[in-house]
1. Only helices at least 27 Å long along their own axis, judged from Cα atoms, and with Kyte-Doolittle mean hydropathy of 1.0 or greater: name those in the chain from DSSP H.
2. Using heavy-atom solvent-accessible surface (probe 1.4 Å) with all chains present, what is the largest-first order of His212, His284?
3. Rank Phe252, Ile128, Val189 by how far each Cα sits towards the positive end of the charge dipole of the chain (+1 on Lys, Arg Cβ; -1 on Asp, Glu Cβ) and give me just the farthest.
4. Springs between alpha-carbon atoms under 10 Å, Gaussian network over the chain: tell me which of Asp229, Asp368, Asp188 tops the mean-square fluctuations.
5. List the relative contact order of the chain as a percent without decimals, with contacts defined as Cα pairs under 8 Å and 6+ residues apart.
6. Relative contact order of region 252-383: what whole-number percent is it, with Cα pairs under 8 angstrom and at least 6 residues apart?
7. Per-residue ellipticity at 222 nm for the chain, helices alone: DSSP H runs ≥ 4 residues times -39500 (n - 2.57), over residue total, nearest 500 deg cm²/dmol?
8. How much of the accessible area of region 81-153, probe 1.4 Å, is carbon plus sulfur, in whole percent?
Amino acid sequence: MKTNYLFPETFLSSLKKCTLFFILAVLFSLNSVFASEYANKPSMMDEDWRILIQANNAFNENDYGRALSLVEKSKSSRKQKVNWKNWNLDNVKKYREIQRSGDLLSDIIEVLKKRENKVCLEIVNEEIDKYGISFFDNSFSKLTEFVSTTVAYPEADFLVGKIYRLEGETELALKNYNSAYENKFFLDVPEMQYDILYELADLYYSIGDTEHFESSLLAILKDNEDYSDIGRKKSMNKVLKEDEKETIDKFFDMFRSTDYKSLKALSLLTTFYINQGEEQKALHAASIGVTTAVQKIYNTLEKRRPGFVYDGIQNLLGCSAYYTDLVEWGKNNCIWELFLQFADCTCSSGYLVFAKELYMRLSVCIPDDYYRKACANRLLTVN
């Protein structure tokens, strides 16, 4: 075998390795460059919301492993779409016409129309349709900055939290619930924030965290104007202090509330404050709760019974007993318990005539045997 004295074998071997690493490095760099040069939009069947529907279906079928896998896939799809939006918006800024147009979003839209840039127009119009042009102060730069934040997917985090809770992973469940609530602005259905808060409250209660249990329920009531209205609270207490039999009719005639999403929170807080010995807080929560429940029941009966006229709390609750779904709604949202608690709160606050009359009426009209009997028993103990 001929020996190569000019290039020893070890040198040639090292050279081959270096060449190989160099080629791999170049290929990797080229791949990164090409990847940054174009971002794909997810296909119609791979849209985040479609995948999340599949994840929810898997969750409802108790297939938690598949549900979790699909949730992560939906998150990846959303991230991919945001990357696609960012890539297109960043590249359009390179147009001279765009650079000369300034930052007014309305002017940028006109340039995009002239250039027939349908993709960027789709992206910009999607954001404007959802949030309005004033949300971005008619600023193109603010819109592009905002788009980057839309990678948050609170609905997906909420579902992940529910899965982890069922798996006994409390900390992970709390982390995902809190993440979902913190990003509530991005919810497709804003009202879902209250579902998240109810789940948070329930989980905090299950682990004995009373502070966060209370704060989660109060967050639900944050938008309840009647609960926050100090003047309304004083007016309610003023009527209750009259402490007469007729005061019951006056109370429910004068006060009605319509923030129905708050009902369960008001009932849970009433129970919580009673157990904490905070009578005035319990009375306030119960007062807003029962006036909301009365309005809700009245609206339902008015739709189902043409010509129905409110004729007192006894008649209202008595009529509700004919509708199974209404009775079940009351049980599921602790409404019948709430009426009993309201009577208890008025009793403990010293409004004994009012409390005794309310116990008497409720004992014959609450559409639930347990609470009807409870009211009858309470009636025997009021002096």
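1. Qualifying helices, which must be both long enough and hydrophobic enough, are 9-37.
2. His212, His284
3. Ile128
4. Result: Asp229 has the largest fluctuation of those listed.
5. 9
6. 25
7. Roughly -24000 deg cm²/dmol at 222 nm, from the helical runs in the chain.
8. Values: 1930 of 4000 Å².
That fraction is 48 percent.
The values are calculated or read from the model by the stated rules, or taken from the named source; none is laboratory data. Being a predicted model, the structure only gives us computed values, none of them experimental. Cβ sites come from the backbone with ideal geometry, for glycine too, and all protein chains shown count toward neighbours. For the accessible areas, the whole protein counts, side chains as well, though only heavy atoms, and no ligand, DNA or RNA atoms are used. Shrake-Rupley method; radii C 1.70, N 1.55, O 1.52, S 1.80 Å.
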